[in-house]
Amino acid sequence: MGTRLALETSAARLVARLSRAAGRGGGTTLPGKLVWKLDPAALDELAAALPQGVALVSATNGKTTTTAMASSILSPARRLAWNHSGANLASGIASTLLTARDAELGLLEVDEFVLPEVIRRTKPGVVALGNLFRDQLDRYGELEHIAERWRAAVETLAPDTILAVNADDSLVASLADDRESVIRFGVDDPSRARTTLPHAADSKYCVRCGHPYRYEAVYVGHLGAYRCEVCGHERPPLDVAARAIEPEGLDGIAFTLTTPSGSARVRLAVPGLYNVYNALSAASLCLGLGVPLDELVSGLERFRAAFGRFERFVVGERTVLLLLIKNPAGANEALRTLEDGGTERTLVVALNDRIADGRDVSWIWDVDFEPLLSRVERIVATGERAAELGLRFTYGGLPPERLEVVPELEAALDRGLALTAPGGELVVLPTYTAMLGLRAIATGRGLTRPYWESAE
Amino acid sequence: MIVRVGHLYPEYLNIYADRGNIAVFERRAAARGHELQVEPVSIGSTVVPGRHDLLYVGGGQDREQAMIAPDLVRHGAALRQAVGRGVALLAVCGGYQLLGRGYRGRDGSWLEGASIFEHETLAGETRMIGDVLLESTLPEAPGRTIAGFENHAGRTVLDEGAATLGRVVAGYGNDGASGFEGCRTERALGTYLHGPLLPRNPWLADLLLAWALAHASGSEPEPLAPLADELEREAHAVSAARARERGGRPAR
């Protein structure tokens, strides 16, 4: 480490401590912002100083969970620099590397948009790319543009860098087409598939010729077993696969993990097919790092939900289940998981429109809320755009008498709890900053611990 | 009364919550005792002038728009005839661009449009993204406000004298320079505003429905009976406030 970097590093660590002492959140990105501003090349040096190198995870959906699963697999045997609080921009990554002094391996979740720069600066040994869904269009632009940026970035990877890609996402899979060191993962269980794509599915046209794909199996969004009947382009063979999948309600999901080094049964403590994809991505990343199968299995089984993604807390005689929603594909899977998990009577849905949520709230119309609207007894719409959400539900078919619009988060949470019978569970679906707000309320009432204390 | 709706390329052009606009048409028509029959009009199908009372064209990503553009141009003459016969039409974002004369890419390429609206679109360097607030320039509703969200790289330049949808109060509008947004030909409206447009601007939905009903019955448009619209007003107010506080600031 050069003198300049050493100076910057100690200054930034001081900022982190001060920021935490001042109670300004976890101080997760402030020191990194400082270093990033002073000297962006510091990131190159910090990454190069890690003896086992760097592994990166990116995707529209599931990157925090995938990285947390990989951490669960890797951490017993390695000291990690892991951005567990989800600070996934360059400054957050700089912070993570700064504060993890004795780390051996960098395990980093990276925002889709900044991935090219982080690849260039950290020279990763393994990169896992999960999926591309339409996300916050006001912030990221169209997903083809993200894909083009990724394509250019993948071309700059060293030849021995291992690229793990989701073979079930035609666009993501195509990024690995001309590479040697590739691990392709996917789901192979037609019994768990749907036969039709959801409304507003992405990437449903052949990446080569533009003809609509024929899907033998649709698992999550546009992820599945696709084939173009015109040019023959199809899902490539899977190196790592999930087979014989068995959902266990809201408690978890089990599957057989098949890898080049053997197969094993895995039982995840989080539900949903999308978490099977996250597990496959984490397993592929760890295989790329040379982790044996038994460690993959035990790490995945030890895993508990990542920050705010699927979190329960107890409020007196009731429980609250927090499920983050942030874009149509993710929200659809959250809803599908709820559907598989049983019948919820009351639901609180929270929509904010800050930068981290997406300022353009039109995405709520692309979420397939309709099946829920026909069976739920009451929805409390809350957040800064509560009225907009209310319109989504009533125009979607929810009878107006089943809707309550309570913009203020805390009041909405209490209203939801009041509508939930003792012993019951209130399901809350918040966008990102609404989730932070709800967690802050829960923390204020002594129900959960702040996130910079709870992870690891 | 039955209102026949032609939804153009729904599986390609659906990026900014276009089904929200259709849902608003359906519910608001039903609230007045009318039934919407929505029919997809996609690649390979035929547009028959007079068959539909209301046409809807949404927005897509660049790739999808390029895929359907040649088919749309093929329907150009039929669509122009339909508009001439008084069909109500709403085109949003990409659909709005595609219904102009054409789109000039940054590399100089020319993507021909269906020539419903008197405008051309030029690809710009930066995207114009943010909340928007308009004051209607429609003679049917002068000064009424329209709130939405815009996200476009194209600069749409209207011909001299072409009618607009509204004057920009906050946000970028057609080209970030003219101070106007949208375009109108007969009963066809084009706009960049999505979000989606209609739930928070129900009067505009009702105007289009009144036009569609007039087309269906062969009579003059009659204003529809008002609905309560409390949530609609609230959502409009929040969206309008967003535009005022953080909408795009065009260089004028």
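The values are calculated or read from the model by the stated rules, or taken from the named source; none is laboratory data. Bear in mind the structure is a predicted one, so any value in this text is a computation, not a measurement. Positions of Cβ are backbone-derived with ideal geometry, glycine not excepted, and every protein chain shown enters the neighbour counts.
Does the stretch B:151-165 hold any residues that are touching a strand residue (DSSP E or B) at 6+ places or on another chain (Cβ under 9 Å) and either without any contact (Cβ under 8 Å) to a residue 12 or more places away in the chain or not basic (Lys, Arg) (or both), and which are they?
B:ASN151, B:HIS152, B:ALA153, B:GLY154, B:THR156, B:VAL157, B:LEU158, B:ASP159, B:ALA162, B:ALA163, B:THR164, B:LEU165
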Checklist (1) away from chain A (no Cβ under 12 Å); (2) in contact with a Leu (Cβ under 9 Å, 6 or more places away or on another chain); (3) surrounded by 16 or more Cβ atoms within 10 Å (Cβ to Cβ) applied to B:TYR16, failing item: (1)
Answer from B:GLY113, B:GLY105, B:GLY130, B:GLY100 - the residue that is surrounded by 24 or more Cβ atoms within 10 Å (Cβ to Cβ) and either touching a helix residue (DSSP H, G or I) at 6+ places or on another chain (Cβ under 6 Å) or in contact (Cβ under 8 Å) with a residue 12 or more places away in the chain (or both): B:GLY100
Residue that is farthest from A:ALA283 (Cα to Cα), among those in the stretch A:145-175 that are part of a helix (DSSP H, G or I) and free of Cβ contacts under 8 Å to residues at least 24 places away in the same chain: A:HIS145
Pairs with Cβ under 7 Å, 6+ apart, first in the stretch A:24-41 and within 18 Å of A:ALA440 (Cα to Cα), second modelled with pLDDT of 60 or more and not basic (Lys, Arg): A:GLY26/A:SER85; A:THR28/A:SER85; A:THR28/A:ALA87; A:THR28/A:GLY92; A:THR28/A:SER95
All positions within the stretch A:372-413 that are more than 15 Å from A:VAL428 (Cβ to Cβ), among the charged types (D, E, K, R) and in contact (Cβ under 8 Å) with a residue 24 or more places away in the chain: A:ARG375, A:GLU377, A:GLU384, A:ARG385, A:GLU388, A:ARG392, A:ARG402
Any hit, the stretch A:380-402, residues being in a helix (DSSP H, G or I), touching a helix residue (DSSP H, G or I) at 6+ places or on another chain (Cβ under 8 Å), assigned by TED's automatic domain parsing to the domain that holds A:LEU323 and of a type in the set (Val, Ile, Thr): yes
Which listed residue, of A:GLY446, A:GLY396, is surrounded by fewer than 24 Cβ atoms within 10 Å (Cβ to Cβ), within 14 Å of chain B (Cβ to nearest Cβ), of a type outside the set (Asp, Glu) and out of contact with any Ser or Thr (no Cβ under 9 Å at 6 or more places or on another chain): A:GLY396
The stretch A:254-292, residues that are more than 17 Å from A:VAL126 (Cβ to Cβ) and over 17 Å from the mean Cα position of the chain (by Cα): A:ALA254, A:PHE255, A:THR256, A:LEU257, A:THR258, A:GLY262, A:SER263, A:ALA264, A:ARG265, A:VAL266, A:ARG267
Residue under evaluation B:HIS52, criteria (1) buried (at least 20 other Cβ atoms within 10 Å of the Cβ); (2) in contact with a Phe, Trp or Tyr (Cβ under 9 Å, 6 or more places away or on another chain); (3) within 30 Å of B:ASP229 (Cβ to Cβ); (4) more than 12 Å from chain A (Cβ to nearest Cβ), criterion not met: (2)
Some residue of the stretch B:109-127 being of a type in the set (Asp, Glu) and within 14 Å of another protein chain (Cβ to nearest Cβ): yes
Answer residue from the stretch A:183-207, given it is loosely packed, with under 14 Cβ neighbours inside 10 Å and in a loop (DSSP other than H, G, I, E, B) and is nearest to the other protein chains (Cβ to nearest Cβ) among those: A:THR196
